[in-house]
Amino acid sequence: MDGLELVSTNRCFGGEVRKYRHFSTSTQCTMAFNIFLPAAALANEEKVPVLFYLSGLTCNEDNMITKAGALPHLAQERIALVTPDTSPRATGTDGEDGDWQLGTGAGFYVDATQAPWNAHYQMYSYTQRELQQLVFANFAVDSARVSVFGHSMGGHGALVLALRNPGYYKSVSAFAPICHPSTSDWGQK
């Protein structure tokens, strides 16, 4: 697991929740994610389907794991779950901590195109390409059975990833998504 730093491991429902850190070439900073691996994936018995969950505004990689109650169901169905952070953190980008709707905890799963944000806020590239390649290369998950879902800002991210990559995801779900941010106050910042 070249480049992955294991931060913690917790056994649950016959599987494990692991937290990792790694340097991201997309965001040019250290990023964190959790992965729940059901027993079949831990034992390398089979490559299991994988769900990527994208959290909402002000959240991080831990929210879904600690609050949703999904792990026993994922264990029973033999499905892995990956929960990335919602943004780069502590990059020194001017203004990243000044507004809860933009910056730290609010990366919107898109690639910033303007300075100073474009140096680190490349969350589309990170979630769609870099993180998925890292997961496929290091864990017993099936790269042909990938789904994405999210809540609020993460629902927006799930829709963006799925719509920009037709046929790639087996399913997409968005719970209370921010569907048209460019026409809201958020999109005018």
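Specify which labelled value, from (1) 21.1; (2) 16.6; (3) 19.1, agrees with Kirkwood radius over Cα pairs in Å derived from the coordinates of the model shown.
Matching entry in (1) 21.1; (2) 16.6; (3) 19.1: (2).
Pop out the carbon and sulfur fraction of the accessible area of the chain as a percent, whole number, probe 1.4 Å.
Exposed carbon and sulfur together represent 51 percent of the surface.
At 1.4 Å probe size, what's the solvent-accessible area of residue 47? Round to the nearest 10 Å².
For residue 47, solvent-accessible area is about 120 Å².
Which ³J(HN,Hα) values in Hz, rounded to whole numbers, follow from the phi angles of segment 16-22 under the Karplus curve 6.51 cos²θ - 1.76 cosθ + 1.60, where θ = phi - 60° and Gly and Pro get x?
Result, ordered by residue: 9, 9, 10, 10, 10, 10, 7 Hz.
Tally Lys/Arg at +1 and Asp/Glu at -1 over every other residue whose Cβ is under 11 Å from the Cβ of residue 59; what's the total?
Numbers: positive: 67; negative: 61, 62, 85.
Once all neighbours under 11 Å are counted, the net charge is -2.
Over the chain, with a Gaussian network built from C-alpha contacts below 10 Å, which listed residue (113, 91, 58) shows the highest mean-square fluctuation?
113
As a test question: what accessible area, to the nearest 10 Å², does residue 146 have when a 1.4 Å probe is rolled over all protein chains in place?
0 Å²
Roughly speaking, what is the stretch gain from residue 58 to residue 8, that is 0.36 nm per residue apart minus the C-alpha to C-alpha distance, in nm to one decimal?
Value of the extension gain: 15.8 nm.
Write down the percent of antiparallel bridges among all DSSP beta bridges whose residues are both part of segment 4-141, to the nearest 5.
Bridges in segment 4-141 that DSSP calls antiparallel: roughly 85 percent.
Give the angle, between 0 and 90 degrees and rounded to the nearest 10, that separates the Cα long axis of helix 153-164 from the longest principal axis of the Cα atoms of the chain.
Around 80 degrees separate the two axes.
For a quick check of understanding: with a 1.4 angstrom probe and all protein chains in place, what accessible area in square angstrom does residue 62 have, to the nearest ten?
Rounded to the nearest 10, that gives 50 Å².
Please compute the volume of the convex hull spanned by the alpha-carbon atoms of segment 1-79 and report it per residue in Å³.
Each residue corresponds to 110 Å³ of Cα convex hull volume.
Assign unit charges at the C-beta atoms only (+1 for Lys and Arg, -1 for Asp and Glu), then state the dipole size of segment 28-179 relative to its Cα centre in Debye, rounded to the nearest 20. The partial results should precede the final answer.
Values: 8 positive and 13 negative charges, 94 e Å.
About 460 debye.
Could you report the chain's accessible area per residue, 1.4 Å probe, as an integer in Å²?
That works out to 47 Å² per residue.
Working from the pairwise distances between different alpha carbons, so that the mean of 1/r is found and then inverted, what is segment 66-136's Kirkwood radius in Å?
Final number for the Kirkwood radius of segment 66-136 is 13.8 Å.
When the distances between all Cα atoms of segment 121-184 are binned every 5 Å from zero, what whole-number percent does each bin get?
With 5 Å bins starting at 0, P(r) equals 4, 17, 24, 27, 17, 7, 2, 1, 0.
The values are calculated or read from the model by the stated rules, or taken from the named source; none is laboratory data. All of these numbers come straight from a predicted model, not from anything done at the bench. Every residue, glycine as well, gets a Cβ built from its backbone with ideal geometry; the counts of neighbours run over all protein chains shown. Quick note on the areas: whole protein, heavy atoms, side chains included, nothing else; ligands and nucleic acids left out. Shrake-Rupley method; radii C 1.70, N 1.55, O 1.52, S 1.80 Å.
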